[in-house]
Amino acid sequence: MSKRTGVYVCEGCGIGECVNVASLVELAAGEPGVVVTRTSKAFCLEDSARIAEDIGAESLDAVVVAACSPRVNRQVFDHRPTMVRRVNLREHVAWSHAPQEEATEELAADLLRMGIAAARHMRPPVANIQDCERSVLVVGAGPAGLSAALSAAEGGFAVTLVEREAQAGGFPRRLARTYPTRRPFDLGDVDVDGLVGRAVDHPGVTLLTSTHVTAVEGQPGRFTATLQGPGGESRVEAGAVIMATGFEPVATTHFADYGLGVLPDVVSSLDMEDLCRAGALRRPSDGEPVRRVAILACDGPRDSANLPYSGAVTSMTALKQAMLVRERDPESQVYIVYEDMQTPGRDELYYRHVQEDHGVFFVRGNVRSVIAGNGAGGLVVTAENSVLARDVSLEVDLVVVTVGMVPRSALPESGEAMPLRYLQGTAMPTGKAGFADSNFLCFPYETRRTGIYAAGCVHRSQDIAQSRRDGAAAALKAIQVVEKASAGEAVHPRVGELGFPQFFMQKCTACGRCTQECPFGALELDSQRHPVINPNRCRRCGICMGACPVQVISFPDYSVDQLSAMGKVVSLPEDDEERMRILVLACENDAYPALDMVGINRLRTPATLRVVPVRCLGSVNSVVVNDAVQRGFDGVALLGCRSGDDYQCHFIQGSQLLGTRMENVRETLGRLALEPERVQVLETSIVDARRLPGVLEAFAEEIRALGPNPMKGF
Amino acid sequence: MSTVSEAGQDAILVIGGGIAGITAALEAAEAGMSVYLVERNPNLGGRVAQLARYFPKLCPPSCGLEINYQRLRDNRAVRVFTTSEVESITGGPGAYTATVRVGPRYVTDRCTMCNACAEVCPVDRPSAFDYGMTTTRTAYLPLENPYPARYAIDPATCLFDECAKCVEACQYGAIDLHMQPQTVELRAGAVIVATGWRPYDARAITNLAFGHHPDVITNVMMERMAAETGPTGGRIVRPSDGEPVRSVAFIQCAGSRDRLHLGYCSSICCLASLKEASLVLERNPEAQVHVFYIDLRTPGTYEAFAQRVLSDGRVRAVKGKVADILTDPGSGQLVVVADDMVGGAMSRTPVDLVVLATGMAPSLGDGPPTGVDIDEEGFVVEGTDTEGILVAGCARAPVDVATTTVDATAAAMRAIALVRRTPVGA
């Protein structure tokens, strides 16, 4: 609880023309703990210095700046370690409400009281600073892992690179040739030994082959991995982990219809590389030379098992293998049977190059059958040809089936490649189709395990060049998380945040719910089944705080007490249908910015709303809503982002967890004989500024129709 | 606080403030580097800020941008220059000097976004942000979620001292109509080129009628129309008469995969059109959508998204090149004349609106700053790992946002590795 607070009420940007700033200042001066009050025409300009002066002269431990949105002027109003609480009188009052009206004055007064109450519940966070390992564990020494290892080492970090095979290099060792991306479009060779050498020769990199990981535990800055290698078991410490465990081809069984695994002269695209490396191309069945080849893209309606794992790389591979055949034998003929040629971007230029080869024929359509030929061996492929509008039969010596790349994280035994000793489970949480990917285009490395980053084909289907970029990028995230952990700071999205959850353990009932609901598995359990936080895993979202049925969890500057205190200082006029009061809990990532933009667009929202910013709707403990309703708020609206498969929540499941919170709220409403419609979740996106006024008016109207909350005044 | 390197050799210069540049700058800064971020426009955000949604999640770009802007606002290690351009780069890996022309914006950092200047400004100008589909005042807020949070003045239409009403109206002394461009020299150990793309000019594709009929628009214009912040507030209507669109034709590969225009594939247009088709059907549930394509490029996990859209009964996909866009002499309606590779005959499809999926041309195609090499197609040539001019995003190759953010993070790592490898004083 802070004892000496300064309150600064700005008159600029239309605030002074909208509300009576002098009475707001007077109001502030009367609040407990307020020792200094000031106004200015623009606190963001020259007068910002007055705040710093007051902090020193008046020994302030908290400052309330009632002015513009906390989303702007952040550096100007940064007075750490003194706590600063922003009250939004500009976007949320002056720019979105009728000036000089009583309802607007009441709104401003309530917001100011709420801000002052919030400031009383803010303590400066104490950074959790511990020694951190300036090292990275890279699991998998294929192109992505090698690139990650080299990058991290060049960035000044020690690297342990673990590879379960006897040799580093990964899948490229199996390649006969690589496809080109630049003119003159000749097939290339990948210098695997060179790739390996450059990484392994760096003094910062230690390569352990024939070694696999049996456990990973700990947290960013202090992970411990148990390894099993030729010399037995060992342990290695690391600040961050990069998972570059690669892919397996889509299982042979899915291509049985094309004869793979059935007819000897039907091979997979991987087998084709082996055949080409062996020298002259020969039929597996009888050793006869291969003259005619059919390459099947397997991208049609019956290839549903292959499709999520194939596309850009596999199409280019098909083109490359066609040219490989042609290169070996100018008399050869290659048919590529496909539905859509996936050669996006610059790869299109290679596609055009291959199309110009007279020995490559493109058959657009789906494969009907692959059967053994009559007489002297060979195969017959029957395919629909949509251009000719009839089927074609291709007599060939060899059929190549292009198989997709399944990330190892998608396989049933995925928990074994890199088992995590986390309460929430051993496997790396995965996204679509089992890839160890984040659900965010904008933030490709932000998975549910802080400090563990995926790169290469386990992350996304990609080729060698792209995997190397991916590995370098993952190395940067690894370096970052260690730098941040060294300072006790959080990573994405609350970058730089110092506070982390504290537990009033005496009241803990050992229900374990916080450990289950934490999206990042930051909480483990001790021998008494009490939660133990791993601070460097924590993203500071507060979902644990929202989960706790006995409210023992809080942050130094964000707590259930604080949110409830803010609700308590809102004045609730009794018996007045026109002056109803609606509490709005607005998620800071989407809803709060949208509300700001309502103001930037000079649109209006009902003056009956009282907005409280929250880190995530999942962090809202049901007791906050229950308290509000029991005190007499006529309605409560929870504004947050979309949940479901295409979720938006940057804390993964905040808005989804709201479902469980709301169960508790509905129960309370039932007990108080209040209508369930008084509390609603209104899904809000950051682009909803134009839609929100209508949505909020409609909600206010619904509440008005229900009549005032009879609990007021009790 | 984490340590921040001294500027100079430990600094990284990022050219371009779109999603690639912003990502590279932030990722490098949060790993301890000093960063200069130089952007030509008065605002950050680049082309993605002009999109309505991303595929495949149909999520709004401003969501990720918002998080990035907060990271930028809280990070003292990134110094952002808007309305600025890099003119030349000299030096070598570990020690580059970039000459940058800064401004003039005519609005200083005293601006509070109060809107007083726009209220009195007498001159309208076409909005480049809305691809000319709307106008703003000459003193304007570049977009509703701006970084920096500041207005700008368009020198092309400003009357300067002949008017100066904005100067009078501004209570914060934030407008200086006599502001001069400045030249600054920035020293950096590595450079990341993230200059992005511009839409290929559809007027060059003569058989597709762009510029000859108001209801033939490009995909980037469709994004503005579908955007809540755009010229129609998100309503999908015919530009000619404002009527809700009942049928749309998406013409894929308009100007891409074509020797006469862009030889490469722009990689995102198939997915972008399917995304836009979803938005049309969301807003106009009675509408019909026709997609004319050559190959549908929806690799890997995008396939599931594509299937969802294509299996909608209101969507018809036709494989075949479009020969002409005509106007029916009787009804005045647009007619798409296309090859139909599967059906066999030529097809004629009357529609309310035609959307040309025009491609992405690299922004530097006309003239990179001295010191940056581009190839035949205008993309920046990626040097070897020891060279200090790195490239990320569409400046490197036509790619989607998912690839761009990986690119940018990788470029930041390579920049840091270069800087830390190079001995001080080299």
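The residues of the stretch B:328-379 that are touching a residue at least 60 places away in the same chain (Cβ under 8 Å), open to solvent by 60 Å² or more (accessible area, probe 1.4 Å) and more than 26 Å from B:VAL100 (Cα to Cα) amount to a single one, B:PRO350. Within the stretch B:223-245, which residues are touching a strand residue (DSSP E or B) at 6+ places or on another chain (Cβ under 7 Å) and without any contact (Cβ under 8 Å) to a residue 24 or more places away in the chain? The answer is B:VAL237, and nothing else. Among what's in the stretch A:278-310 and is out of contact with any helix residue (DSSP H, G or I) (no Cβ under 8 Å at 6 or more places or on another chain) and outside any loop (DSSP other than H, G, I, E, B), pick the residue that is surrounded by the fewest Cβ atoms within 10 Å (Cβ to Cβ). Per the stated criteria, the residue is A:PRO289. Quick check on this structure: which one of A:VAL313, A:VAL381, A:VAL325 is within 14 Å of another protein chain (Cβ to nearest Cβ) and crowded, with 21+ Cβ neighbours inside 10 Å? Exactly one of A:VAL313, A:VAL381, A:VAL325 is within 14 Å of another protein chain (Cβ to nearest Cβ) and crowded, with 21+ Cβ neighbours inside 10 Å, namely A:VAL313. Just one of the listed residues (A:LEU150, A:LEU161, A:LEU146) is open to solvent by 20 Å² or more (accessible area, probe 1.4 Å), modelled with pLDDT of 95 or more and in contact with a helix residue (DSSP H, G or I) (Cβ under 6 Å, 6 or more places away or on another chain), namely A:LEU150.
Exactly one residue out of A:ASP627, A:ASP596, A:ASP646 is surrounded by fewer than 22 Cβ atoms within 10 Å (Cβ to Cβ) and within 14 Å of chain B (Cβ to nearest Cβ): that is A:ASP646. For the condition touching a Gly at 6+ places or on another chain (Cβ under 8 Å) and open to solvent by 10 Å² or more (accessible area, probe 1.4 Å), what is the one hit in A:ARG666, A:ARG671, A:ARG704, A:ARG690? Answer to the check: A:ARG690. Only one of the numbered conditions (1) open to solvent by 30 Å² or more (accessible area, probe 1.4 Å); (2) within 13 Å of chain A (Cβ to nearest Cβ); (3) within 24 Å of the chain's Cα centre (by Cα) is not met by B:GLY234, and that is (1).
Considering the stretch A:416-462, the residues that are outside any loop (DSSP other than H, G, I, E, B) and out of contact with any strand residue (DSSP E or B) (no Cβ under 7 Å at 6 or more places or on another chain) include one that is surrounded by the most Cβ atoms within 10 Å (Cβ to Cβ), namely A:GLY456.
Each row is one residue, and each column tells you yes or no for (1) more than 30 Å from A:VAL598 (Cα to Cα); (2) within 14 Å of chain A (Cβ to nearest Cβ); (3) at pLDDT 95 or above.
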| site | (1), (2), (3) |
| --- | --- |
| B:ARG224 | no, yes, yes |
| B:ALA227 | no, yes, yes |
| B:CYS270 | yes, yes, yes |
| B:GLU282 | no, yes, yes |
| B:ILE294 | yes, yes, no |
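Select from the stretch A:115-137 the residues that are open to solvent by less than 40 Å² (accessible area, probe 1.4 Å) and over 32 Å from the mean Cα position of the chain (by Cα) and list them in ascending order. Selection gives A:ILE116, A:ALA117.
The listed residues are A:ALA465, A:ALA522, A:ALA485, and the only one of them that is out of contact with any helix residue (DSSP H, G or I) (no Cβ under 6 Å at 6 or more places or on another chain), of a type in the set (A, V, I, L, M, F, W, C), within 27 Å of A:SER438 (Cβ to Cβ) and open to solvent by 10 Å² or more (accessible area, probe 1.4 Å) turns out to be A:ALA465. One residue stands out in the stretch A:687-714 among those that are touching a residue at least 24 places away in the same chain (Cβ under 8 Å) and of a type in the set (D, E, K, R): the one that is farthest from the other protein chains (Cβ to nearest Cβ), namely A:LYS712.
Only one residue in A:VAL72, A:VAL63, A:VAL93 is touching a helix residue (DSSP H, G or I) at 6+ places or on another chain (Cβ under 9 Å), at pLDDT 95 or above, of a type in the set (Val, Ile, Thr) and under 19 Å from A:GLN562 (Cβ atoms). Which one?
That would be A:VAL63, the only listed residue that is touching a helix residue (DSSP H, G or I) at 6+ places or on another chain (Cβ under 9 Å), at pLDDT 95 or above, of a type in the set (Val, Ile, Thr) and under 19 Å from A:GLN562 (Cβ atoms).
Residues in the stretch A:260-270 that are open to solvent by 60 Å² or more (accessible area, probe 1.4 Å) and within 41 Å of the chain's Cα centre (by Cα): 1 in all.
Applying the condition of being of a type in the set (Gly, Ala, Ser) and open to solvent by less than 20 Å² (accessible area, probe 1.4 Å) to the stretch A:384-407 and asking which residue is farthest from the other protein chains (Cβ to nearest Cβ) yields A:GLY404. Only one of the numbered conditions (1) assigned to a strand (DSSP E or B); (2) touching a Leu at 6+ places or on another chain (Cβ under 7 Å) is not met by B:LEU72, and that is (1).
Yes or no, residue by residue, for (1) free of Cβ contacts under 8 Å to residues at least 12 places away in the same chain; (2) over 20 Å from A:GLY456 (Cβ atoms); (3) not hydroxyl-bearing (Ser, Thr, Tyr):
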{"position": "A:GLY197", "(1), (2), (3)": "yes, no, yes"}
{"position": "A:GLY218", "(1), (2), (3)": "no, yes, yes"}
{"position": "A:ALA244", "(1), (2), (3)": "no, no, yes"}
{"position": "A:PRO249", "(1), (2), (3)": "no, no, yes"}
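A single member of A:GLY140, A:GLY155 is closer than 30 Å to A:GLY499 by Cβ and crowded, with 19+ Cβ neighbours inside 10 Å, and it is A:GLY155.
The number of residues in the stretch B:304-319 being open to solvent by less than 30 Å² (accessible area, probe 1.4 Å), within 11 Å of chain A (Cβ to nearest Cβ) and within 30 Å of A:CYS457 (Cα to Cα) comes to 2. Evaluation of B:MET413 against the conditions (1) modelled with pLDDT of 90 or more; (2) in a loop (DSSP other than H, G, I, E, B); (3) not small (Gly, Ala, Ser) shows that the sole unmet condition is (2).
Working carefully through the options B:ALA20, B:ALA52, find the one that is within 13 Å of another protein chain (Cβ to nearest Cβ), surrounded by fewer than 24 Cβ atoms within 10 Å (Cβ to Cβ) and either of a type in the set (Gly, Ala, Ser) or assigned to a loop (DSSP other than H, G, I, E, B) (or both). Only one candidate passes the filter, namely B:ALA52.
Considering the stretch A:658-689 alone, what residues qualify as being outside any loop (DSSP other than H, G, I, E, B), of a type in the set (A, V, I, L, M) and closer than 30 Å to A:ILE600 by Cβ? Residues satisfying the conditions are A:LEU658, A:VAL679, A:VAL681, A:LEU682. Screening the candidates A:THR206, A:THR224 for the property of being under 20 Å from A:CYS132 (Cβ atoms), without any contact (Cβ under 8 Å) to a residue 40 or more places away in the chain and not basic (Lys, Arg) yields one hit, A:THR224. Summed over the stretch A:537-575, residues that are within 24 Å of A:PHE520 (Cα to Cα) and not aliphatic (A, V, I, L, M) total 17. Is the stretch A:640-653 home to any residue that is outside any loop (DSSP other than H, G, I, E, B), hydrophobic (A, V, I, L, M, F, W, C) and within 28 Å of the chain's Cα centre (by Cα)? No, that holds for no residue. Looking at the stretch A:520-545 only, could you name the residues that are among the acidic types (Asp, Glu) and closer than 17 Å to A:GLU446 by Cβ? Matches in the stretch A:520-545: none.
The values are calculated or read from the model by the stated rules, or taken from the named source; none is laboratory data. All of these numbers come straight from a predicted model, not from anything done at the bench. Counting neighbours? That spans all protein chains shown, and the Cβs are built from the backbone with ideal geometry, glycine included. Heavy atoms of the whole protein, side chains included, go into the accessibility calculation; ligands, DNA and RNA do not. Shrake-Rupley method; radii C 1.70, N 1.55, O 1.52, S 1.80 Å.
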